[in-house]
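Only one structure is covered here, and it is reproduced in the block below.
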Amino acid sequence: ADEGMWLPMLINKNYDQMKRQGFKLTPQDIYDINKGSLKDAIVWFGGFCTGEIVSEKGLVLTNHHCGYDVIASKSTPQDNILDNGFWAKNTAEEKPAEGLFVSILVRMEDVTAQVNAATKGLEGAEKAAKYAEISKEIVAKATSGTGYEAFVRDMFKGNQYFVFVTEKYSDIRLVGTPPQSVGKYGGDTDNWIWPRHTGDFSMFRIYAGKDNKPAAYAKDNVPFTPKRSLAVSLKGVKEGDFSMVFGYPGRTNRYENSYGIKLAVEKVNPAIVKLRDIRLKSWKEQMEKSDSVRLLLSSEYANIANYWKYFIGQTEQLKHLKVYDYKKGEEAKFQSWSASKPEYSSILADYGKAYDAYTPYALYPIYLSQGIFGATAVSFARSFMPVEAGLKAGKVDAVAPMKEHAEEFFKSFNLPSDKKILAGTLLAFYNDIPKDQHPALIGEILAKYGADDPEAAFKKYSDDVYANSMFASKAKTEAFLAAPELGKLQNDPAYQYVTAFISNYREKFMKNVDAFNATNGALGQKYVKGIMEMNPGKLMYPDANSTMRLTYGNIKAYAPKDAVKYDYETTIDGVIEKYVPKDSEFDLPANYLELYKKKDFGQYANEKGQLIVGFISNNDITGGNSGSPVLNGNGELIGLAFDGNWEAMSGDIVFDQKYKRTICADIRYVLWCVDKLGNAPHIVKEMKIVK
Ligand code: ARG
């Protein structure tokens, strides 16, 4: 099939089908705990993306947008690697990426029986506490006597449990990146859209101690020798070819019910989009003023813009593909199957009641997390809540962990945009959230700054907050950290602002939200259990949860709408077609244009002399899969997965067979960008190339 994010350990259940579709290896080639297998070449990149090892010297390939934060933070107007690109000439030139880690899966194990035995007969908080306890035991046992880490994750909404044992490497260095005009070609305009022409890749290297084991950063650490690295194929792909994607998909909600979809479409998604829009506009205005501000804010801008557009697309396609009606149909089938089964017969009615009770409060947490906390100084102030608790308890060292945090925060703090964000999100909150849910502070602000024009009042208020709060001033924050005083923290205007919204939430309706989450979780577990019982013998995959998965399918074109057909691959000619000199999204480096003019594509051209840039497959991926290897039937690397397509943006909820595609950068384009554009053939020489 194409739908399905399968657990590699259980892939033998899919093996016959995979073979029929063109897979040439064995299940042991994918997952083997006794010798190197493909899974050993796949890394969880920083906890938010995927990467793959492509040389015996620990070279890791991932997306440009996964390396973006590191790349931007290493850039200054004088040494601007974000705009100009960068390739280390030797290992000494590789740039340490502080705080970044990759982890490699050692093994996984089904621990359902253990967890169920421990939590038998328990519900709610008691069950959660027991689950935490047994998880700790399982982890301790799985890692004892090793340097490994481990965690337990539930699958199928709590109907199955696995322990994942991993090895975590934290000395990671940037090896190279194309200029962002190539790595982010098409920008937000092309994001989530096929046909695509983005060279979305960057490269890192894993370093280890002399014993090849994980070690904290040290100049003398050595390139990691992996158990397995991927071979790279220059043979290219054709429509219908087998393809599989290995990686760490973050979250899907394929068992979501119709009530959740209605709430998302009508309320939650539009709110997220509206609130993110305030941040994006405020940042953009400042980013256009200078290169240094642009470099400072561009990583966070890209992050927020990515899911801003995601939620626009998800809402559009949930409607367009009639996902609500589809779910209603599935639920009707479940209802008639379960009519005589007391364990299941009231699940859907109970979902309905839970959503009815929750809906009036559903926007507050969204306006908090996406709105009020969107002003970075406000979030920064919020991070001092444990400091308040510590100082109250007389612990002066409560500020200790904040020193590094403050250092980091002020590196990318931009006051003018932040001030606008506070005023804008406060106004949105004031207009959109029912009055009886407002904190008293809003009334006080209006009384002081003018109740007849809330917009102007919130602006003046915000000006005052930013003029007086220590969280908007590095010097003031440092002074506080040097001599922390409880009163100073409690009287800080940004601190008072954020705590007013949080206390109000805690006092008035956090219990409703918590109760909803608990009920929703318990119903979800029963619902999925019922669905499994209703479909005996059916091969099912669990929702994505940032654990390693494999999805397989084929290279496949599609028709986005009547009379329109999209090809399965794009070429460098298409890059040139989109080129707009000096544009912020569609500009190209001068040497790119020269190489193109000379048709200098080297060994990376196909048999017709064209340079293929991207292709699509019907593989089942989501966020977190970014950077995942796309492999052919022999397990050789043919591309990098980096996006989903617009017509199937509802894909995290329902996989649409007709429309859902994975957008990939062709590995030949990636290598051309390294070798020819980046003039770094020594990097390509590290790899095992199959022609
Ligand atoms: N949509 C891509 C993903 O979530 C990220 C693309 C980043 N590019 C951009 N223009 N923001 O994997």
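From the set of residues in segment 548-580 that are among the hydrophobic types (A, V, I, L, M, F, W, C) and more than 24 Å from residue 4 (Cα to Cα), which is surrounded by the most Cβ atoms within 10 Å (Cβ to Cβ)?
Going through the qualifying residues, I end up with 575.
Here is a yes/no grid of residues against (1) under 30 Å from residue 552 (Cα atoms); (2) of a type in the set (A, V, I, L, M, F, W, C); (3) touching a Pro at 6+ places or on another chain (Cβ under 7 Å); (4) surrounded by 14 or more Cβ atoms within 10 Å (Cβ to Cβ):
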{"site": "598", "(1), (2), (3), (4)": "no, no, no, no"}
{"site": "608", "(1), (2), (3), (4)": "yes, no, no, no"}
{"site": "631", "(1), (2), (3), (4)": "yes, yes, no, yes"}
{"site": "637", "(1), (2), (3), (4)": "yes, yes, yes, yes"}
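If only one of 99, 4 is in contact with a Phe, Trp or Tyr (Cβ under 6 Å, 6 or more places away or on another chain), outside any helix (DSSP H, G or I) and over 15 Å from residue 248 (Cβ atoms), which one is it?
Values: 99 fails: in contact with a Phe, Trp or Tyr (Cβ under 6 Å, 6 or more places away or on another chain).
Matching residue, one of 99, 4: 4.
Within the group 13, 35, 39, which residue is basic (Lys, Arg) and within 29 Å of residue 669 (Cβ to Cβ)? First the steps, then the outcome.
Numbers: 13 fails: within 29 Å of residue 669 (Cβ to Cβ); 35 fails: within 29 Å of residue 669 (Cβ to Cβ).
After applying the criteria, what remains is 39.
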TODO: Scan segment 137-149 and report the pairs whose first residue is farther than 16 Å from residue 103 by Cα and whose second residue is in a helix (DSSP H, G or I), with Cβ atoms within less than 8 Å and a gap of 6+ or a chain change.
DONE: 138/114; 138/115
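Quick grid of which residues meet (1) among the charged types (D, E, K, R); (2) in contact with a Phe, Trp or Tyr (Cβ under 6 Å, 6 or more places away or on another chain); (3) closer than 30 Å to residue 558 by Cα:
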{"residue": "198", "(1), (2), (3)": "no, yes, yes"}
{"residue": "204", "(1), (2), (3)": "no, no, no"}
{"residue": "231", "(1), (2), (3)": "no, no, yes"}
{"residue": "240", "(1), (2), (3)": "no, no, yes"}
{"residue": "251", "(1), (2), (3)": "yes, no, yes"}
{"residue": "263", "(1), (2), (3)": "no, no, no"}
Open item on the list: Need pairs with beta-carbon distance below 6 Å; first residue closer than 21 Å to residue 189 by Cβ and within segment 281-302, second in a helix (DSSP H, G or I) and away from the ligand (no atom under 16 Å from the Cβ); sequence gap 6+ or separate chains.
Closed with: 282/417; 282/420; 282/421; 283/417; 286/293; 286/416; 286/417; 287/293
TODO: Being more than 26 Å from residue 167 (Cβ to Cβ) and in contact with a Pro (Cβ under 6 Å, 6 or more places away or on another chain) narrows it down to one of 124, 85, so name that one.
DONE: 85
TODO: Kindly check whether there is at least one residue in segment 237-247 that is within 16 Å of the ligand (Cβ to nearest atom), farther than 30 Å from residue 424 by Cα and part of a loop (DSSP other than H, G, I, E, B).
DONE: no
Open item on the list: For segment 287-302, which positions are part of a helix (DSSP H, G or I), away from the ligand (no atom under 16 Å from the Cβ) and either among the hydroxyl-bearing types (Ser, Thr, Tyr) or assigned by TED's automatic domain parsing to the domain that holds residue 418 (or both)?
Closed with: 292
Open item on the list: Any residue at all in segment 27-37 that's under 23 Å from residue 622 (Cα atoms), of a type outside the set (A, V, I, L, M, F, W, C) and in a loop (DSSP other than H, G, I, E, B)?
Closed with: yes
- [ ] For segment 179-199, state whether one or more residues are within 30 Å of residue 25 (Cβ to Cβ) and outside any loop (DSSP other than H, G, I, E, B).
- [x] no
Open item on the list: Tell me the residue from 479, 456 that is without any contact (Cβ under 8 Å) to a residue 24 or more places away in the chain and within 30 Å of residue 289 (Cα to Cα), please.
Closed with: 456
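Can you tell me which residue within segment 55-86, out of those that are in a helix (DSSP H, G or I) and of a type in the set (S, T, N, Q), is farthest from the ligand (Cβ to nearest atom)?
Of segment 55-86, the ones in a helix (DSSP H, G or I) are 64-73, 81-84.
Within this subset, residues satisfying the condition of being of a type in the set (S, T, N, Q) are 73, 84.
Working: 73: 17, 84: 19 Å.
So the residue we want is 84.
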TODO: Select from segment 308-324 the residues that are in contact with a helix residue (DSSP H, G or I) (Cβ under 8 Å, 6 or more places away or on another chain) and near the ligand (Cβ under 10 Å from one of its atoms) and list them in ascending order.
DONE: 308, 309, 313
Open item on the list: Just to check your reading of the model, which residue among 305, 381, 332 is in contact (Cβ under 8 Å) with a residue 24 or more places away in the chain, assigned to a helix (DSSP H, G or I) and away from the ligand (no atom under 16 Å from the Cβ)?
Closed with: 381
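Looking at segment 121-153, which of its residues are in contact with a helix residue (DSSP H, G or I) (Cβ under 8 Å, 6 or more places away or on another chain) and part of a helix (DSSP H, G or I)? Outline the logic, then answer.
Step one: filter segment 121-153 for residues in contact with a helix residue (DSSP H, G or I) (Cβ under 8 Å, 6 or more places away or on another chain), giving 122-124, 127, 130-131, 133-135, 138, 148-152.
Matches in segment 121-153: 124, 127, 130, 131, 133, 134, 135, 138.
I'd like to check which helices (runs of 4 or more DSSP H) are fully inside segment 590-691 and have at least 2 residues that are without any contact (Cβ under 8 Å) to a residue 12 or more places away in the chain. Let's see the steps before the verdict.
Working: elements: 590-597, 667-672, 681-685.
In segment 590-691, the matching helices (runs of 4 or more DSSP H) lie at 590-597, 681-685.
The values are calculated or read from the model by the stated rules, or taken from the named source; none is laboratory data. None of these values were measured; they are calculated from a predicted model. In this analysis, Cβ positions are derived from the backbone assuming ideal geometry, glycine residues included, and neighbour counts consider all displayed protein chains.
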